[in-house]
Amino acid sequence: MSGTLNKVMLIGHLGDEVKLHYFEGGNCIGRFPIATNETYTNKQTGEKVTTTEWHNIVVRNKAAEICEKYLSKGDKIYVEGRLKTRQWQGEDGQTKYTTEIHVQDFTFLTGKQDSAQEEAPRSQKRNPEPSKASQPQKAEPTGSLAAPEEDDDLPF
């Protein structure tokens, strides 16, 4: 095989909010960390061990603006992209390196209903009236392929 491949696929949870940086000419870049977990059983002690790996995610332009608008810390996301390593001079004069995933495709895995359920306990503390998000939803029949009708303003 004469070709090479640089492809990364991750499913993880955001560790922080998306931070945007705008450049002259209107372009922008968004950065956020995501965490992936691996759980295994230690053969000697029999206890379950979970390790977390952190990944630096980079999105550009319209994708960055979409991520900033719709993603929050803790949300689950699928990202697909390429590994890129960059270097810079630190304040101490040392050369520093970081490896990032430059995203080519992504899918939000935390739905509106999932976010609303996570937010409900917090919003009820602030607002004693029941909110739309905390009201029971009608369950779909098992095996139904029809998506629930929701008003959302997602651009895709």
- Identify, please: which residue in the stretch 1-21 is over 21 Å from Thr98 (Cβ atoms) and of a type outside the set (Gly, Ala, Ser) and is, among those, surrounded by the most Cβ atoms within 10 Å (Cβ to Cβ)? Ile11
- Please enumerate the residues belonging to the stretch 21-63 that are out of contact with any His (no Cβ under 7 Å at 6 or more places or on another chain) and of a type in the set (A, V, I, L, M, F, W, C). Phe23, Phe32, Val49, Trp54, Ile57, Val59, Ala63
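I'd like the residue in the stretch 69-113 that is among the hydroxyl-bearing types (Ser, Thr, Tyr) and part of a strand (DSSP E or B) and, out of all such residues, is nearest to the chain's Cα centre (by Cα).
If we filter the stretch 69-113 for residues that are among the hydroxyl-bearing types (Ser, Thr, Tyr), which is where we start, we get 70, 72, 78, 85, 95, 97-99, 107, 110.
Next, only the ones that are part of a strand (DSSP E or B) stay: 78, 85, 95, 97-99, 107.
Working: Tyr78: 7, Thr85: 20, Thr95: 29, Tyr97: 23, Thr98: 19, Thr99: 17, Thr107: 9 Å.
Only one residue fits best here, namely Tyr78.
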- Message: Tell me whether the stretch 16-24 contains one or more residues that are within 18 Å of Leu109 (Cα to Cα), of a type outside the set (D, E, K, R) and not in a helix (DSSP H, G or I).
- Response: yes
- Task: Select, from Thr45, Thr52, the only residue that is assigned to a strand (DSSP E or B) and more than 16 Å from Ile101 (Cα to Cα).
- Result: Thr52
- Query: Has the stretch 74-90 got any residue that is out of contact with any Ser or Thr (no Cβ under 8 Å at 6 or more places or on another chain) and of a type in the set (S, T, N, Q)?
  - Reply: no
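No lab work stands behind these numbers, since they all come straight from the coordinates. It should be emphasised that the depicted structure is a prediction, and the values quoted were computed from it without experimental measurement. Every residue, glycine as well, gets a Cβ built from its backbone with ideal geometry; the counts of neighbours run over all protein chains shown.
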